[in-house]
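The values are calculated or read from the model by the stated rules, or taken from the named source; none is laboratory data. As the structure is a prediction and not an experimental result, all values here were calculated from the model. Backbone-built Cβ (ideal geometry, glycine too); neighbour counts: all protein chains shown. Quick note on the areas: whole protein, heavy atoms, side chains included, nothing else; ligands and nucleic acids left out. Shrake-Rupley method; radii C 1.70, N 1.55, O 1.52, S 1.80 Å.
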Amino acid sequence: MEQAVPQFAHRTVLLDEALGALAIDGERREGVYIDGTFGRGGHSRAILARLSESGRLIAFDRDPEAVAAAGTIRDTRFSIVHTSFAQLADELARLGIEAVSGVLFDLGVSSPQIDDAQRGFSFRNDGPLDMRMDPTRGEPASAWLARASVDEIREVISDYGEERFAFQIAKALVARRAERPLSSTRELAALVAGVVRTREKGQDPATRTFQAIRIYINQELAELEQGLTAAMDALAPGGRLVVISFHSLEDRIVKRFLNALANPAQPPARLPIKAMDLPRATIRRARKLSPGSAEISANPRARSAVMRVAEKLAAGVSHDAH
Ligand SMILES: C[S@@+](CC[C@H](N)C(=O)[O-])C[C@H]1O[C@@H](n2cnc3c(N)ncnc32)[C@H](O)[C@@H]1O
């Protein structure tokens, strides 16, 4: 039978590297794994191919279109939940799962989300100014931009876009909406281009503003912090956490979170605390990894990817991080 070709496809980033880091071998093939960001299932399918008959994969995605795409996987070891990975703890409790062998987060937006103009993520294709990963919840970017103050808009564009012209953009946005509401991605991109005078080579003037508004609308950084904590709590000793980030704000959160677990703050040396009572590392980190030049030339969207990996240690293991 002829297979329907999906209109928008996603090319999975760091597939072999992420799979290697999850270390699905030996007894670990029988474990429970979490793919927190199903997308179009590139990582999920590869995980399923490694699991034994009794292994299990639970995938999450906030996007109903990603969840619908998961319907093509007919495998009793697989299930998908339409929610944020920040809800991991509740979902595992609901499913009666106490511990998992591995958790993967491949953060950010998928290519189908960017390429489909109707989702409103792209400044290249005109579409409604939405940007919600889950259009069934929350408010679209257009609604927020219609009501936020200059200060709120400036703060978002500055903090999440690290944009030097955040104030000028915010002022221009508020002045413009007094005439007529901003409702399309092209309108926003044109307005930003009119304000941002200098730009790094190869970068569209609207890149930083779109990134910032998207992060804010989807509360991506807060969700990531919750997801990391929930993942670490869910992992069994020996379990692996693998996180692929696509910009420095995300990667900084992941790096700091893992650093704190690998090198917990120690009390001042003068306090009379026995060595065995000092805080110990709860994870072992692997070196961070980025895609090689072959992957980047085959898939330019991979160029900003950074992967970090941690292994949860059994309680009582010495706190040397390798
Ligand atoms: C980069 S894509 C993942 C691609 C996937 N690994 C693949 O190979 O097809 C990111 C996906 O994660 C989803 N996502 C982003 N943040 C999320 C969150 N907090 N909870 C659940 N899903 C999220 C997005 O909707 C998107 O579908």
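Build a GNM of the chain with springs between Cα atoms under 10 Å: which of Ser122, Ser79, Ser110 gets the top mean-square fluctuation?
Ser79
Please go through the range 56-144 and write out the GluC sites (Glu not before Pro) that DSSP classes as loop and that have at most 10 other C-beta atoms within 10 Å.
On the way: sites: Glu65, Glu91, Glu98; in loops: Glu98.
Filter output for the range 56-144: Glu98.
What does the charge dipole of the chain about its Cα centre add up to, to the nearest 20 debye, if the Cβ of each Lys and Arg holds +1 and the Cβ of each Asp and Glu holds -1?
Working: 43 positive and 42 negative charges, 171 e Å.
Computed about the Cα centre, the dipole is about 820 debye.
What does the helix-only formula give at 222 nm for the chain: each DSSP H stretch with n ≥ 4 adding -39500 (n - 2.57), the total divided by the residues, and the result rounded to the nearest 500 deg cm²/dmol?
Numbers: 13 runs with 128 residues, N = 322.
The per-residue figure over the chain is -11500 deg cm²/dmol.
Quantify, in whole percent, the carbon and sulfur part of the accessible surface of the chain (1.4 Å probe; protein heavy atoms only). Intermediate values should be presented prior to the final figure.
Working: 8130 of 16100 Å².
Of all accessible area on the chain, carbon and sulfur atoms account for 51 percent.
Give the shape of the range 86-150 as rounded, prolate or oblate, defined through the alpha-carbon gyration tensor: a ≥ b ≥ c are the square roots of its eigenvalues, a/c under 1.5 means rounded, and otherwise the shape is prolate if a/b is larger than b/c and oblate if not. Intermediate results must be reported in sequence, preceding the final value.
Numbers: a/c = 3.29, a/b = 1.93, b/c = 1.71.
It comes out prolate by the Cα gyration axes.
Give the shape of the range 56-105 as rounded, prolate or oblate, defined through the alpha-carbon gyration tensor: a ≥ b ≥ c are the square roots of its eigenvalues, a/c under 1.5 means rounded, and otherwise the shape is prolate if a/b is larger than b/c and oblate if not. Provide the component values of the computation, followed by the final result.
On the way: a/c = 1.92, a/b = 1.32, b/c = 1.46.
Since a/c reaches 1.5 but b/c is at least a/b, the shape of the range 56-105 is classed as oblate.
State in Å² the accessible area per residue of the chain; use a 1.4 Å probe, count heavy atoms of protein chains only, and round to the nearest integer.
Numbers: 16100 Å² over 322 residues.
Per residue, the chain has an accessible area of 50 Å².
Could you please report the charge total around Thr76, scoring K, R as +1 and D, E as -1 over all other residues with beta-carbon less than 13 angstrom from its beta-carbon?
On the way: positive: Arg56, Arg74, Arg77; negative: Glu53, Asp75.
Net charge around Thr76: +1.
Highest GNM mean-square fluctuation, the chain, Cα pairs closer than 10 Å: which of Ser248, Ser84, Ser297?
Of Ser248, Ser84, Ser297, the most mobile in the Gaussian network model is Ser297.
Classify the range 118-218 as rounded, prolate or oblate, taking a ≥ b ≥ c as the square roots of the eigenvalues of its Cα gyration tensor: rounded when a/c is under 1.5, otherwise prolate if a/b is larger than b/c and oblate if not.
Working: a/c = 1.39, a/b = 1.22, b/c = 1.14.
Rounded, since a/c falls under 1.5.
Using the charge dipole of the range 198-322 (Lys, Arg: +1 at Cβ; Asp, Glu: -1 at Cβ; taken about the Cα centre), state which of His247, Phe210, Pro291 has its Cα farthest towards the positive end.
Farthest towards the positive end: Pro291.
Run through the DSSP bridge list for the chain and note the antiparallel percent, rounded to the nearest 5.
Bridges in the chain are about 40 percent antiparallel.
The range 130-224: which trypsin sites (Lys or Arg not before Pro) are DSSP loop and have at most 16 other beta-carbon atoms within 10 angstrom? Mind showing how you got there, number by number?
Values: sites: Arg132, Arg137, Arg147, Arg154, Arg164, Lys171, Arg176, Arg177, Arg186, Arg197, Arg199, Lys201, Arg208, Arg214; in loops: Arg132, Arg137, Arg164, Arg197, Arg199, Lys201.
Loop-located and lightly packed - Arg137, Arg164, Arg197, Arg199, Lys201.
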